[in-house]
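*Asks:* Can you keep this structure in mind? I'll have questions shortly.
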């Protein structure tokens, strides 16, 4: 279970969350995303849910917290590709009224990856 | 419910947060014998996760306790789930169930656990006594299978 956080040009951060989001996992997901927000000061944070396998209300706290953080910095949050049952949880919280939910994030990302998170590079290095 | 269940199970586990995933998977696995629809499985898993997380976060704030889950299934496709702890209990159940009420805002808890349970299940009952513990009962009747 890890979150793949990538920095793209024009101060865009794309955080691909993988696996289950619950009270147990939310803390480490939050830490990984916030580290990149602090390091690269993005104006747009895209939280990608396409590889999320489960989410309870801990996911609402996770998005609300990042929304608060980004708004304080004058930035924006977009939720990308949540499955139907995840959307249902978001709708219940009303967070879908604060952030855009998109089914295809590509229009928001300029290609050319600036940096890939170090953890992933290390993991790839180990694999060989 | 006085009817006889067609099957039942009971599990007891310590309040380690690692057990959140285990407990919802175990319940989902048990009810799979009713051949539920995918969205019914998601609803039940989410509701169980909320109930178990409440016990882990709130019932035993400074220690590790035990959570008991009982699941019963009935011929009319009703699923009955009871999540019980012997923790600190809830002073004001009505207030605790209000949407957005949270006793731990710093932990980014949204305060929507009960709202999720009520929205995803047919019936949610909470019984609690301070210093004795809390029991949350979740009931959902699954849709009839198409022949």
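*Asks:* Do we find that residue A:111 is farther than 19 Å from residue A:12 by Cβ, more than 14 Å from chain B (Cβ to nearest Cβ), outside any strand (DSSP E or B) and modelled with pLDDT under 95 in this structure? Before the answer, list the steps.
*Replies:* Working: farther than 19 Å from residue A:12 by Cβ: no; more than 14 Å from chain B (Cβ to nearest Cβ): yes; outside any strand (DSSP E or B): yes; modelled with pLDDT under 95: yes.
So residue A:111 does not fit the description; no.
*Asks:* Could you tell me whether residue A:13 is touching a residue at least 40 places away in the same chain (Cβ under 8 Å) and either surrounded by fewer than 22 Cβ atoms within 10 Å (Cβ to Cβ) or in a strand (DSSP E or B) (or both)? Lay out the reasoning, then the answer.
*Replies:* On the way: touching a residue at least 40 places away in the same chain (Cβ under 8 Å): no; either surrounded by fewer than 22 Cβ atoms within 10 Å (Cβ to Cβ) or in a strand (DSSP E or B) (or both): yes.
The answer is no for residue A:13.
*Asks:* Tell me yes or no: at least one residue of region A:57-68 is in contact (Cβ under 8 Å) with a residue 12 or more places away in the chain, surrounded by fewer than 21 Cβ atoms within 10 Å (Cβ to Cβ), touching a strand residue (DSSP E or B) at 6+ places or on another chain (Cβ under 8 Å) and assigned to a helix (DSSP H, G or I).
*Replies:* yes
*Asks:* Give the residue that is surrounded by the fewest Cβ atoms within 10 Å (Cβ to Cβ), with candidates limited to residues of region B:1-30 that are part of a helix (DSSP H, G or I) and touching a helix residue (DSSP H, G or I) at 6+ places or on another chain (Cβ under 6 Å).
*Replies:* By that ranking, first place goes to B:28.
*Asks:* Another question, if that's okay. What number of residues within region A:69-85 satisfy the criterion of being in a helix (DSSP H, G or I) and closer than 18 Å to residue A:22 by Cα?
*Replies:* So the count comes out to 2.
*Asks:* Shifting gears a bit: Would you pick out the residues in region A:86-102 that are under 18 Å from residue A:16 (Cα atoms) and in a helix (DSSP H, G or I)?
*Replies:* Those that are under 18 Å from residue A:16 (Cα atoms) and in a helix (DSSP H, G or I): A:86, A:87, A:90.
The values are calculated or read from the model by the stated rules, or taken from the named source; none is laboratory data. These numbers come from a predicted model, not from an experiment. With ideal geometry, Cβ positions are generated from the backbone for all residues, glycine too; neighbour counts draw on all protein chains shown.
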